[in-house]
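Here is the structure we will look at, set down as structure tokens.
The values are calculated or read from the model by the stated rules, or taken from the named source; none is laboratory data. In this text, all values refer to a predicted model and were calculated from it rather than measured experimentally. Note that each Cβ is placed from the backbone with ideal geometry, even for glycine, and that neighbours are counted across all protein chains shown. Calculation scope for accessible area: heavy atoms of the full protein, side chains included, ligands and nucleic acids excluded. Shrake-Rupley method; radii C 1.70, N 1.55, O 1.52, S 1.80 Å.
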Amino acid sequence: MNKKHALVSAVLAAACLIPAAGMAANGEVVWVLTGTASEADGSAVRIAVRDANAAQSEAQQPARPEMPADVSPAARTAEAPAAAQTPTEEAPAETAPTKTAAAPETSSVIAPETVPAAVKAPAEETAAAPAVSTERVSSGKAAAAESNGEEAPSPADNDLAAQQRADMDRREAASLAALEAMKAEGTAAEETNAEPAVSQEAPASEETAQEAEKADENAPSDEEEKGSAEEGQDMSISPANPMVVKADAMAYRGTTGDVDVRGNVDITHMQDRYQTEHVYGNSNTQQYVLPERVKWTSPGNEMTAERGTYDGKTSTATFDGIKGWNKDKYYYEGESGVYDRAANKAVVQKGYFTTKHAVAKVPDYRIEADSIDIYPGDHYTAHNARLYVKNTKILSMSSYSGSLDRDGNAVSMWTLIPVPDYESDNGFGLKNRIEIPIGGPESDLAFYTRLAWYSDAGFKPDVGFKWDTMPGTFKLRYAKEESTVNDDHVWIEMWPEFSFDSRHYYIPHTNFYVGASGDIGHWKEGSVSGSHKQWNAYLSHDPITLGSHLTFGWSLGYRKDYYGYDDSTRSNRYYSLGLDGKFGIWSPWVHYWDNDMSGHTPYEYDTYDMEKPLYTGVKVQVTPLDALSVEYAIDTIDGHTEHKYFTYYRDLHSFTSWVRYDMVDDDFEFMIQPKDFRF
């Protein structure tokens, strides 16, 4: 349920505002954000192509002096002399005596921190500057002309690229001239909020351009400081991890910091993508609003919200009406949500979440809570939590915590749902389980219970403590456990038992892995009782795909058991081979186990019915919800068929059920198993 990226980065395009701006010939605007304003070394890229109508509209109006933050020193130095030859000819409106109203800024994008106040906000613009245009930039000449009260001029026939390049050069030359004039006059006026006049005749030589560039580079900006504060964060914008923003229209006002992005807004950063229709706010206050529906996607994650806001100063986002998927596994909804980037914490108000296959108009089961605190990749805590099956409340808890980074059973509250079971020897049964962290939600130590009750076999608990560590999982438990190698449904009592099961250790640069397990404790089976210990080591490989229809798997290992009851031992060198197929609706399989044993065991619990069994069968998907299978279990030592299973499967949405009949043992079994968690 990781909403970290969704709640934070959807508005970072507006929040960072160190853009290189441009417009494709079809009217689409692209910002490429690659870092802070101080990165004037060419790492910030400007796309210098404008919409034809917008370019012509600007050409008919006096140019405004701007200092683009996305031009490298080399580019500025190379272009300054040529452009400076005619600074008076293209002097911007802000540097001349006031004769006409200032031009609206519908298509210019600059970094306000890098432009001196006298250039950004001259007196005449202060008096007459229009509000930031919220019209689409791609509406071209008509929109720009209307905002000035002028009649829309006719389209120009000159070349678009040459016109755009000339426009950029004129703006840059005017900016350099204005900066040099301000340097000569001093900055006293800026400190007293009185802006000095800027001469149209200021020299713009190569040396002047270099000096102005150095002054600009040496002065730290607010964006520099913000960039430094975010340095080292995984989601930070940098030359290596640029952010690209596309939209139908963009408007940014350097004098006020207002920004407005509209129409098919598409933001990409690293592997994240954000889509909405409108983002507006202010780069000075760093407050931004997403007034319309926003969608976030990344590998394995997807979230939508009805609207949202973002505070760039506190790195806090708020959203209304959130819903989404986490790694195609958990689904969640909430009335509202808040994400604090600094604390890496999200809070979902009045929400619920459920698992993948339980999603429905009314989920098969869900956890509802007044609020859910989420620490992405770590844990969650649900306050006033209620567990529902459809519309029936099963139980309530004032607070419930679970892991978000363990073994796929993270939302373990589901396992409180009683699941039915039936077997001829054990009778009708119900089972469930729960895990409770000890020492806080983030703790790797937990108390667990796995409870089963059968009408004939009675109560069969498995209760203890588990400790998840880097090498593997340790357990200390009391358990009544049924045999998996003896078909006579033999149960044994283990108390106490201390066990270890390692994780898989892969051989470098291969799909081979090794592992180990072991336990030490006391076993009791009827009158046979005594200490027991064992260890096991194995080698295996990830499933191997053979063509488009077959999968092959294998493993081999060695196990040693020590029995205190009669001081006996037993060793087992074993291996297994398996072949599974998928041909349309048919799924055949062949599995073989070979156990080479020496010694003996005093317990029926771990006595093998077949030491070298072969299982083969086929399953056919009759309908999308129904399937049938037949399977034979053959003892390859004597060739005798020990079991012949006929099974009917039924898909129950979030559960799978099956009914199995063994013709050899005349044994009947019924089971319901959840798809998204296990016991």
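Filter segment 334-384 down to the residues that are open to solvent by 50 Å² or more (accessible area, probe 1.4 Å), modelled with pLDDT under 90 and not in a loop (DSSP other than H, G, I, E, B) and list them by number.
Val338, Asp340, Lys345, Lys356, Tyr375
Report whether or not Thr318 is at pLDDT 80 or above, over 30 Å from Gly351 (Cβ atoms) and open to solvent by 50 Å² or more (accessible area, probe 1.4 Å).
Numbers: at pLDDT 80 or above: yes; over 30 Å from Gly351 (Cβ atoms): no; open to solvent by 50 Å² or more (accessible area, probe 1.4 Å): yes.
When the stated conditions are applied, Thr318 does not pass them.
Assess whether Arg660 counts as being basic (Lys, Arg), farther than 15 Å from Glu423 by Cα and open to solvent by 50 Å² or more (accessible area, probe 1.4 Å). Write out each step before concluding.
Values: basic (Lys, Arg): yes; farther than 15 Å from Glu423 by Cα: no; open to solvent by 50 Å² or more (accessible area, probe 1.4 Å): yes.
So Arg660 does not fit the description; no.
Could you please find all residues in segment 404-416 being at pLDDT 70 or above and open to solvent by 10 Å² or more (accessible area, probe 1.4 Å)? Break it down stepwise before answering.
From segment 404-416, those at pLDDT 70 or above are 413-416; that's our starting set.
Selection gives Leu416 alone.
How many residues does segment 462-507 contain that are among the basic types (Lys, Arg) and under 21 Å from Gly530 (Cβ atoms)?
Filtering segment 462-507 down to residues among the basic types (Lys, Arg) leaves 466, 475, 477, 480, 503.
So of that shortlist, the ones also under 21 Å from Gly530 (Cβ atoms) come out as 475, 477, 480.
Residues that pass the stated criteria total 3.
To keep it simple, each residue is scored yes or no on (1) over 23 Å from Asn486 (Cβ atoms); (2) surrounded by 14 or more Cβ atoms within 10 Å (Cβ to Cβ).
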site	(1), (2)
Ala627	yes, yes
Tyr632	no, yes
His640	no, no
Tyr645	no, yes
Asp651	yes, yes
Phe655	yes, yes
Ile672	yes, yes
Asp676	yes, yes
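Can you name the residue in segment 528-548 that is more than 32 Å from the chain's Cα centre (by Cα) and over 19 Å from Gly599 (Cα atoms) and is also surrounded by the most Cβ atoms within 10 Å (Cβ to Cβ) among such residues?
The first filter runs over segment 528-548 and keeps only residues more than 32 Å from the chain's Cα centre (by Cα), leaving 528-539, 546-547.
Retained after the next criterion (residues that are over 19 Å from Gly599 (Cα atoms)): 538-539, 546-547.
Numbers: Tyr538: 19, Leu539: 15, Leu546: 12, Gly547: 7.
This residue is Tyr538.
Against the conditions (1) among the small types (Gly, Ala, Ser); (2) in contact with a His (Cβ under 9 Å, 6 or more places away or on another chain); (3) surrounded by 17 or more Cβ atoms within 10 Å (Cβ to Cβ), where does Gly440 fall short? Just the number, please.
(3)
Could you list all residues from segment 597-613 that are on the phi < 0 side of the Ramachandran plot and either in a strand (DSSP E or B) or among the aromatic types (Phe, Trp, Tyr) (or both)?
First, pick out the residues of segment 597-613 that are on the phi < 0 side of the Ramachandran plot: 597-598, 600-613.
If the condition is that a residue be on the phi < 0 side of the Ramachandran plot and either in a strand (DSSP E or B) or among the aromatic types (Phe, Trp, Tyr) (or both), then Met597, Ser598, Tyr603, Tyr605, Tyr608, Pro613 are the ones that fit.
Looking only at segment 321-333, count how many residues are open to solvent by 60 Å² or more (accessible area, probe 1.4 Å) and part of a strand (DSSP E or B). Quick ask: steps written out before the conclusion?
We begin by selecting, within segment 321-333, every residue open to solvent by 60 Å² or more (accessible area, probe 1.4 Å); these are 323, 325, 327-329.
If we keep only those that are part of a strand (DSSP E or B) too, we end up with 323, 325.
Within segment 321-333, residues that are open to solvent by 60 Å² or more (accessible area, probe 1.4 Å) and part of a strand (DSSP E or B) number 2.
Exactly one of (1) closer than 30 Å to Glu604 by Cα; (2) at pLDDT 90 or above; (3) surrounded by 14 or more Cβ atoms within 10 Å (Cβ to Cβ); (4) not β-branched (Val, Ile, Thr) is unmet by Tyr388. Its number?
(1)
Among the residues of segment 321-333, what is the count of those that are within 17 Å of the chain's Cα centre (by Cα) and modelled with pLDDT of 90 or more?
Keep residues of segment 321-333 that are within 17 Å of the chain's Cα centre (by Cα), which gives 322-333.
Next, only the ones that are modelled with pLDDT of 90 or more stay: 322-323, 333.
Here the count works out to 3.
Quick one: which of Asp594, Asp566, Asp580 is part of a strand (DSSP E or B), open to solvent by 60 Å² or more (accessible area, probe 1.4 Å) and among the acidic types (Asp, Glu)?
Values: Asp594 fails: open to solvent by 60 Å² or more (accessible area, probe 1.4 Å); Asp566 fails: part of a strand (DSSP E or B).
Sole residue among the options that is part of a strand (DSSP E or B), open to solvent by 60 Å² or more (accessible area, probe 1.4 Å) and among the acidic types (Asp, Glu): Asp580.
Among the residues that make up segment 239-253, is at least one of them part of a loop (DSSP other than H, G, I, E, B), at pLDDT 80 or above, touching a strand residue (DSSP E or B) at 6+ places or on another chain (Cβ under 7 Å) and open to solvent by less than 30 Å² (accessible area, probe 1.4 Å)?
Here is the first cut: in segment 239-253, the ones part of a loop (DSSP other than H, G, I, E, B) are 239-240, 242, 248, 253.
From the residues that got through so far, the ones that are at pLDDT 80 or above too are 248, 253.
This time we only want the ones that are touching a strand residue (DSSP E or B) at 6+ places or on another chain (Cβ under 7 Å), so: 248.
Then drop every residue that is not open to solvent by less than 30 Å² (accessible area, probe 1.4 Å), which leaves none.
No, that holds for no residue.
Between a residue in segment 640-651 that is in a strand (DSSP E or B) and any residue that is modelled with pLDDT of 95 or more and hydroxyl-bearing (Ser, Thr, Tyr), which pairs come within a Cβ distance under 6 Å, given they are 6 or more apart or on different chains?
So the pair list comes out as Thr641/Tyr632; Lys644/Tyr632; Phe646/Tyr661; Thr647/Ser629; Arg650/Ser657.
Just to be sure, is Val622 within 20 Å of Asp425 (Cβ to Cβ) and of a type in the set (Val, Ile, Thr)? Full working, then the answer.
Details: within 20 Å of Asp425 (Cβ to Cβ): no; of a type in the set (Val, Ile, Thr): yes.
No, not satisfied.
Name the residues in segment 256-311 that are open to solvent by 40 Å² or more (accessible area, probe 1.4 Å) and among the hydroxyl-bearing types (Ser, Thr, Tyr), would you?
Correct list: Thr256, Thr268, Tyr280, Thr285, Thr309.
Taking segment 426-437 as the region of interest, how many residues are surrounded by 16 or more Cβ atoms within 10 Å (Cβ to Cβ) and within 18 Å of Arg660 (Cα to Cα)? Before the answer, list the steps.
Initially, segment 426-437 is screened for residues surrounded by 16 or more Cβ atoms within 10 Å (Cβ to Cβ), giving 426, 429, 431-435, 437.
Applying the additional criterion that residues be within 18 Å of Arg660 (Cα to Cα) yields 426, 429.
Number satisfying all stated conditions: 2.
If the requirement is being touching a residue at least 24 places away in the same chain (Cβ under 8 Å) and either of a type in the set (A, V, I, L, M, F, W, C) or open to solvent by 50 Å² or more (accessible area, probe 1.4 Å) (or both), which of these qualifies: Thr636, Thr616? Steps first, answer last, please.
On the way: Thr616 fails: either of a type in the set (A, V, I, L, M, F, W, C) or open to solvent by 50 Å² or more (accessible area, probe 1.4 Å) (or both).
Every option except Thr636 fails the conditions.
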